[in-house]
There are 2 protein chains.
Amino acid sequence: MVFNSIKKIDMLHINSESIDKMESRYRANLFNTISGFKSANLIGTADKSGSTNLAIFNSVIHIGANPPYLGFILRPTTVDRHTYENIKETGVYTFNHVHESFIEKAHQTSAKYEKNVSEFEACGFEEEYLNKFSAPFVKESKIKLGMQFEEEHLIKSNDTILIVGKVLNAYLDENFVSVDGSVDLTKAGTVTISGLYEYLKPTKLNKFGYAKP
Amino acid sequence: MVFNSIKKIDMLHINSESIDKMESRYRANLFNTISGFKSANLIGTADKSGSTNLAIFNSVIHIGANPPYLGFILRPTTVDRHTYENIKETGVYTFNHVHESFIEKAHQTSAKYEKNVSEFEACGFEEEYLNKFSAPFVKESKIKLGMQFEEEHLIKSNDTILIVGKVLNAYLDENFVSVDGSVDLTKAGTVTISGLYEYLKPTKLNKFGYAKP
């Protein structure tokens with residue numbers, strides 16, 4: 001039993017001791033879900049010779065709006081390695097929102113394909129090249145961003161890397177953009193991810209204004 | 001018109017030139033939403049004398065599972081300053097999931113209260129102290145994490161900071177944890193955020209397995 005050492009108060013209490021004793025996959029699932037919901041993006045890259053790579057990431061986050069910067073976390077020793085190598089080689093990459101109609105294909109890009117295999121072809125996505133940007137976009141995506149590498153930070157605690165990039169180009173349907181500039185992600189059919197395996201579709205509860213004391 | 005310089009292909013194309021020309025709040029809304037859905041956590045802190053602070057963050061992300069690390073982005077020159085100061089002073093803080101029943105109160109914590117005002121009291125949350133952990137938890141939250149500061153990274157592009165911490169304690173209802181260890185966030189009533197102002201409730205589309213080529 002995983003919860004042997006876990007104390008009950010009115011809620012379940014998991015502490016460092018019980019975390020250490022957890023079975024590895026159980027712990028991975030627990031801590032991949034416990035941070036809350038995540039973004040769902042396919043990152044498209046190419047090496048200098050034009051060989052492409054596509055991989056799903058659930059860690060794309062907002063860093064700043066002026067100029068527009070976005071970040072994401074990668075694990076360069078695993079399946080993310082090709083994405084990292086291509087970004088370092090070319091300086092550019094694309095973010096492509098995962099639409100509810102292709103979550104299964106998008107998830108399949110997380111498989112460990114060999115370097116000479118393009119996940120575009122292996123998982124059934126079409127490469128799209130827009131305005132001479134050298135990194136491939138995903139034709140099926142309804143929101144796509146052309147990114148330029150800016151800086152990287154090695155997280156010493158566990159050797160993961162934060163990649164920060166600048167948004168150079170954004171492509172999306174004009175109908176997705178509200179009058180205040182915000183993108184209506186539900187209208188765009190963009191999904192959210194919980195953990196490593198679950199895909200969900202959000203429904204609006206409420207939208208508030210700028211809060212004042 | 002904001003879109004004067006924007007070229008139409010089959011999709012709307014926003015480029016660096018049109019980004020520069022955007023009205024500031026419009027651009028903020030656009031790039032706060034365009035990365036996709038975000039997590040929703042209240043971060044609880046206290047200074048050495050025990051004065052508490054509570055603020056909503058939409059940038060909490062998974063960094064690693066073994067040991068469990070989570071990160072978040074903050075802007076230390078603005079409303080996030082008290083959170084940052086308290087974390088640096090005490091080394092500990094809490095993450096508390098935003099439940100659908102209190103999104104309006106949670107959003108109110110984003111207002112710029114003075115240092116001597118606790119958002120717990122101002123916004124109607126109850127402080128909870130568990131197992132001698134010195135940072136305050138949010139009693140109303142159904143999933144809460146006790147965090148220990150590990151490292152920080154200054155993002156030079158725009159002077160934001162990535163804070164990385166280790167999960168020391170987790171409190172949640174046992175019924176939220178699936179047999180594989182993953183937390184069922186929909187069962188927990190946890191919400192997701194789009195941009196700065198919109199709160200949404202996700203519904204499961206599908207859960208896949210570990211993908212293989």
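The values are calculated or read from the model by the stated rules, or taken from the named source; none is laboratory data. The model shown is predicted, which means the values in this text are computed figures rather than measured ones. Neighbour counts run over all protein chains shown; Cβ positions are idealised from the backbone, glycine included. Ligands, DNA and RNA are excluded from the accessible area calculation, which covers all protein heavy atoms including side chains. Shrake-Rupley method; radii C 1.70, N 1.55, O 1.52, S 1.80 Å.
General remarks:
- Tally of residues being of a type in the set (A, V, I, L, M) and touching an Asp or Glu at 6+ places or on another chain (Cβ under 8 Å) across segment B:41-59: 2
- Tallying residues that are free of Cβ contacts under 8 Å to residues at least 60 places away in the same chain and open to solvent by less than 60 Å² (accessible area, probe 1.4 Å) within segment B:93-110 yields 5.
- Among (1) in a loop (DSSP other than H, G, I, E, B); (2) touching a residue at least 12 places away in the same chain (Cβ under 8 Å) - the single one A:Val117 does not satisfy: (2)
- Residue list for segment A:128-170, filter: under 12 Å from B:Asn15 (Cα atoms), part of a loop (DSSP other than H, G, I, E, B) and open to solvent by less than 60 Å² (accessible area, probe 1.4 Å): A:Leu130, A:Phe133
- Here the condition is being surrounded by fewer than 21 Cβ atoms within 10 Å (Cβ to Cβ) and at pLDDT below 95; of B:Lys8, B:Lys21, it holds for B:Lys8 alone.
- Of all residues in segment B:20-68, those that are without any contact (Cβ under 8 Å) to a residue 12 or more places away in the chain, among the hydrophobic types (A, V, I, L, M, F, W, C) and assigned to a strand (DSSP E or B) total 1.
- Among the residues of segment B:111-123, those identified as under 19 Å from the mean Cα position of the chain (by Cα) and open to solvent by less than 90 Å² (accessible area, probe 1.4 Å) are B:Ala111, B:Tyr113, B:Ser118, B:Glu119, B:Phe120, B:Cys123.
- When we screen B:Glu85, B:Glu100 for residues that are among the charged types (D, E, K, R) and closer than 24 Å to A:Lys201 by Cα, the only hit is B:Glu100.
- For segment B:155-186, a tally of residues being more than 7 Å from chain A (Cβ to nearest Cβ) and of a type in the set (Asp, Glu) returns 2.
- Residues in segment A:30-81 that are of a type in the set (S, T, N, Q) and farther than 23 Å from B:Pro202 by Cα: A:Thr45, A:Ser49, A:Ser51, A:Thr52, A:Asn53, A:Asn66, A:Thr77, A:Thr78.
- Any hit, segment A:67-88, residues being more than 10 Å from chain B (Cβ to nearest Cβ), among the acidic types (Asp, Glu) and open to solvent by less than 30 Å² (accessible area, probe 1.4 Å): yes
- Scanning segment B:28-61 for residues that are within 8 Å of chain A (Cβ to nearest Cβ) and open to solvent by 20 Å² or more (accessible area, probe 1.4 Å) yields a total of 2.
- Selection within segment A:187-205 - open to solvent by 60 Å² or more (accessible area, probe 1.4 Å) and within 7 Å of chain B (Cβ to nearest Cβ): A:Lys201, A:Thr203, A:Lys204, A:Leu205
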